[in-house]
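Asker: Once you've had a glance at the structure underneath, I'll fire off some questions.
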Amino acid sequence: MKKISWITHYQYDIPLPKNHRFTSSKFSDLYEELKLKDFYKNAVVLKPKKASVEDLEIVHDREYILKIKNGKLSEKEMRQIGFKWSEILSNRSFLAVNGTLLTCKQAIKKQIACHLAGGTHHAHKNFGSGYCVFNDLSYASKTLIKNNLVKKILIIDLDVHQGDGTAKILQYDKDIFTCSVHCKNNFPFRKTKSDLDIELDDNVNDNEYIEILNKTLNECLKIFNPELVIYDAGVDVHKNDKLGNLQLTSNGILKRDKKVISFFKNKSIPIATVIGGGYSDNKAELAKRHCIVFQAAYEVFN
């Protein structure tokens, strides 16, 4: 049986006011739910170390990084992110980007690895947005290439929202290909240009989605030849998601995740997964949805 690396940290959760749209305990909720699964025994759980200010300068402006580190954000900047600053938020932001980087390194070694966080694709070079502080997808990609661990990276973003920050930060990086499949009538309302954008109408169902996904994956590999894939497996495509607009079921998300993972496994291209967005008033239900990509990874690789 193949052991799959899972990357997480007990300091990922953040304090938030009651009734906040973002589930403050989603990361520990996910881990506790995963511990109940049969495939938990097949996981190797690893912890990241914090990124430094200098590390993050590969994608973010130093002034913005220091604002996050030292709590110097304006009220307007905090509103744009959607979180009040706290030392815990700052700490987890420096941890989580390295969580995605560690996930990618494990995937390069072992073909597959999964992060119990990540997918903070709305963070831009000099500001955060949409519950995203630092852009882990851009950070991990640029760091891997700088360190010659791989030469070409494909980011497949299947969160219901466009990966606008990722697209903007990486717009001139010819060695990193950004593909975003997202709901057209949803945040961010001012989209940026990915290398490949697939815009979905509201209420797309399981079968329609999988058909579009098939074409998209093949299109990506016609244009680009990656040595690593980073997969943002957002579950806000679920029909019961608070911020969605699509009609995918949990079974449809499992089919989606297995499709993506098996597609690249069959081509011997390593894949690192991050959990992306998911929004629900029911914490247990949200944790179950975020478990799906871990189940898919286990089923494809065993």
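The values are calculated or read from the model by the stated rules, or taken from the named source; none is laboratory data. Everything numeric here is computed off the predicted structure, so don't read it as measured data. When we count neighbours, we look across all protein chains shown, and the Cβ atoms used for this are built from the backbone with ideal geometry, even at glycine.
Asker: Of the residues that make up region 5-15, is at least one under 18 Å from the mean Cα position of the chain (by Cα) and farther than 30 Å from Lys242 by Cβ?
Answerer: Yes, region 5-15 contains at least one residue that is under 18 Å from the mean Cα position of the chain (by Cα) and farther than 30 Å from Lys242 by Cβ.
Asker: Still on this structure, I have one more. Mind checking which helices (runs of 4 or more DSSP H) fall wholly inside region 1-115 and carry at least 3 residues that are within 18 Å of Ala233 (Cα to Cα) and in contact with an Asp or Glu (Cβ under 9 Å, 6 or more places away or on another chain)?
Answerer: Filter on region 1-115 gives 26-34, 87-110.
Asker: Mind checking which residues of region 199-210 are under 22 Å from the mean Cα position of the chain (by Cα) and either outside any loop (DSSP other than H, G, I, E, B) or without any contact (Cβ under 8 Å) to a residue 12 or more places away in the chain (or both)?
Answerer: Within region 199-210, Glu199, Leu200, Asp206, Tyr209, Ile210 qualify.
Condition check ((1) buried (at least 19 other Cβ atoms within 10 Å of the Cβ); (2) over 18 Å from Ser52 (Cα atoms)) across all residues:
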position: Asn91; (1), (2): no, no
position: Leu102; (1), (2): yes, no
position: Ala113; (1), (2): yes, yes
position: Leu137; (1), (2): yes, no
position: Lys142; (1), (2): yes, no
position: Leu149; (1), (2): no, yes
position: Asp159; (1), (2): yes, yes
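Asker: Go through (1) surrounded by fewer than 23 Cβ atoms within 10 Å (Cβ to Cβ); (2) closer than 19 Å to His115 by Cα; (3) touching a strand residue (DSSP E or B) at 6+ places or on another chain (Cβ under 7 Å); (4) not β-branched (Val, Ile, Thr) for Tyr209 and report which single condition fails.
Answerer: (2)
Asker: Also, I was wondering about something else. Got a sec? Which of Asn251, Asn240 is within 16 Å of Ala287 (Cα to Cα), in contact (Cβ under 8 Å) with a residue 12 or more places away in the chain and not in a loop (DSSP other than H, G, I, E, B)?
Answerer: Exactly one of Asn251, Asn240 is within 16 Å of Ala287 (Cα to Cα), in contact (Cβ under 8 Å) with a residue 12 or more places away in the chain and not in a loop (DSSP other than H, G, I, E, B), namely Asn251.
Asker: Within region 239-259, track down each residue that is touching a helix residue (DSSP H, G or I) at 6+ places or on another chain (Cβ under 8 Å) and surrounded by fewer than 20 Cβ atoms within 10 Å (Cβ to Cβ).
Answerer: Listed by number, the residues that qualify are Asn240, Gln247, Thr249, Ser250, Asn251, Leu254, Lys255, Lys258, Lys259.
Asker: For region 141-153, indicate whether the set of residues that are within 19 Å of the chain's Cα centre (by Cα) and either closer than 25 Å to Ala287 by Cα or at pLDDT below 95 (or both) is non-empty.
Answerer: Taking every residue of region 141-153 in turn, none turns out to be within 19 Å of the chain's Cα centre (by Cα) and either closer than 25 Å to Ala287 by Cα or at pLDDT below 95 (or both).
Asker: Right, here's the next one. Please pick out the residue among Gly99, Gly71 that is more than 21 Å from the chain's Cα centre (by Cα) and either farther than 26 Å from Ser280 by Cα or not acidic (Asp, Glu) (or both). I'd like the intermediate steps shown before the answer.
Answerer: Values: Gly99 fails: more than 21 Å from the chain's Cα centre (by Cα).
After ruling out the rest, the residue left standing is Gly71.
Asker: Of (1) of a type in the set (Gly, Ala, Ser); (2) part of a loop (DSSP other than H, G, I, E, B); (3) under 27 Å from Phe27 (Cα atoms), Ala272 satisfies all except one. Which?
Answerer: So Ala272 meets the others, but not (2).
Asker: On the given criteria, is Cys179 among the hydrophobic types (A, V, I, L, M, F, W, C) and closer than 21 Å to Ile81 by Cα?
Answerer: Against the criterion (among the hydrophobic types (A, V, I, L, M, F, W, C) and closer than 21 Å to Ile81 by Cα), Cys179 does not qualify.
Asker: When Ala167 is evaluated against the numbered criteria (1) in a loop (DSSP other than H, G, I, E, B); (2) within 25 Å of Cys220 (Cα to Cα), which criterion, by number, is the only one it fails?
Answerer: Only one criterion in (1) in a loop (DSSP other than H, G, I, E, B); (2) within 25 Å of Cys220 (Cα to Cα) is unmet by Ala167, namely (1).
Asker: If you go through region 136-154 one residue at a time, do you hit one that is in a strand (DSSP E or B) and of a type in the set (A, V, I, L, M, F, W, C)?
Answerer: Among the residues of region 136-154, at least one is in a strand (DSSP E or B) and of a type in the set (A, V, I, L, M, F, W, C), which makes the answer yes.
Asker: Taking region 23-36 on its own, how many of its residues are surrounded by 15 or more Cβ atoms within 10 Å (Cβ to Cβ) and over 24 Å from Gly130 (Cβ atoms)?
Answerer: Qualifying residue count, region 23-36: 2.
Asker: Another question, then. Tally the residues that are more than 25 Å from the chain's Cα centre (by Cα) and either modelled with pLDDT under 95 or polar (S, T, N, Q) (or both), restricting the search to region 74-85.
Answerer: Total satisfying the criteria: 1.
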